[in-house]
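One structure is given below, encoded as structure tokens.
The values are calculated or read from the model by the stated rules, or taken from the named source; none is laboratory data. Since the model is a prediction, treat every value here as computed from it, not as a measurement. Positions of Cβ are generated from backbone atoms using ideal geometry, with glycine treated the same way; all protein chains shown enter the neighbour counts. SASA here: full protein model, heavy atoms, side chains in, ligands and nucleic acids out. Shrake-Rupley method; radii C 1.70, N 1.55, O 1.52, S 1.80 Å.
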Amino acid sequence: MLGFLSARQAGLEDPLRLRRAESTRRVLGLELNKDRDVERIHCSGVNTLDIEPVEGRYMLSGGSDGVIVLYDLENSSRQPYYTCKAVCSVGRSHPDVHKYSVETVQWYPHDTGMFTSSSFDKTLKVWDTNTLQIADVFNFEETVYSHHMSPVATKHCLVAVGTRGPKVQLCDLKSGSCSHILQGHRQEILAVSWSPRYEYILATASADSRAKLWDVRRASGCLITLDQHNGKKSQAVESANTAHNGKVNGLCFTSDGLHLLTVGTDNRMRLWNSSNGENTLELYSGSRDCNILAWVPSLCESVPDADDETSTRSQLNPAFEDAWSSSDEEG
């Protein structure tokens, strides 16, 4: 780090490289905050968390006990050591509490007056934050695994819902009914996520080893089925047109919506170009204990090709050379 600082002072280094090197050092040194704790309300495991995007002050948690808790993350005591208190909760005595495990909670993206929750009890509930009463409820025939509202939508109020069935269901908050379904997966839908860049683009992950991108305005729906081999293997190969060699149980977009990260039960993470569905081959997970995903910005940078000044090639950012390695090669 001293070498970076000296080179930066002398004007020999790009200041962005110093920023990236420091970002890498901090990421590798991450550990739990010993100064802050959260009041324990749940009687069993916590399945889902969501911090509201307006102020970043309030957090929702949903547990396998069916309970939903709302926390205030602000340090009102002004002390270096403090516990984030629960403001209120939908406990077991609440008349509208979920009967079974809560799998997803999400704040309404534009204000804190409403939030949603979905559960193994086959329901998606819309809550009024101020009264903790149900504003609406959607009932499904199958267990609900995941749901998501678009963070950028202005022309629709659709909630994408993934269930134990192979169909993605879209619920309209305005009409209070299921507007339409997306068909294409062969097994249960384990994760759904709207693009933060385009309000009609939706990503879904399934137990059929596939991840798909959809434009919900299209009659056919599916835009791209992500292929881990980028079309280089014969269609007869069993793993052709699959994102992972196992269930795809998680996905998320980058904040700019240009890339999509997926994780599967094959102990792999893959980064995809969301515009063309290409597997970028940037991220691997060769360890069986990998169950946390974190974005590190500016992993790669484009540099001019020595043979052609007009073209660019992708090179690992020098700031990450010491921190980034993979012992596994793609099969």
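Among the GluC sites (Glu not before Pro) within the stretch 1-80, those in coil by DSSP and having at most 15 neighbouring Cβ atoms inside 10 Å are GLU31, GLU39, GLU55, GLU74. Rolling a 1.4 Å probe across all protein chains gives LYS167 an accessible area of roughly 90 Å².
Accessible-area rank, largest first, for THR112, THR131: THR131, THR112, with all protein chains present and a 1.4 angstrom probe.
Heavy-atom accessible surface of THR48, to the nearest 10 Å², is about 20 Å², with a 1.4 Å probe and all protein chains retained. Using a probe of 1.4 Å on the protein chains alone, the accessible area found for LYS247 is around 90 Å². What is the distance in Å between the Cα centres of the stretch 154-174 and the stretch 119-146? Centre-to-centre distance over Cα atoms comes out at 13 Å.
In order along the stretch 117-130, the Karplus-derived 3J(HN,Hα) couplings, from 6.51 cos²θ - 1.76 cosθ + 1.60 at θ = phi - 60°, round to 8, 9, 8, 5, 7, 6, 10, 10, 10, 10, 10, 8, 5, 5 Hz, and Gly and Pro are given as x. Going by accessible surface with a 1.4 Å probe and the largest first, TYR100, TYR200 read TYR100, TYR200.
Accessible-area rank, largest first, for ARG8, ARG40, ARG92: ARG40, ARG92, ARG8, with all protein chains present and a 1.4 angstrom probe.
For GluC sites (Glu not before Pro), the sites in the stretch 125-233 that DSSP calls loop and that have at most 16 other Cβ atoms within 10 Å are GLU141, GLU142.
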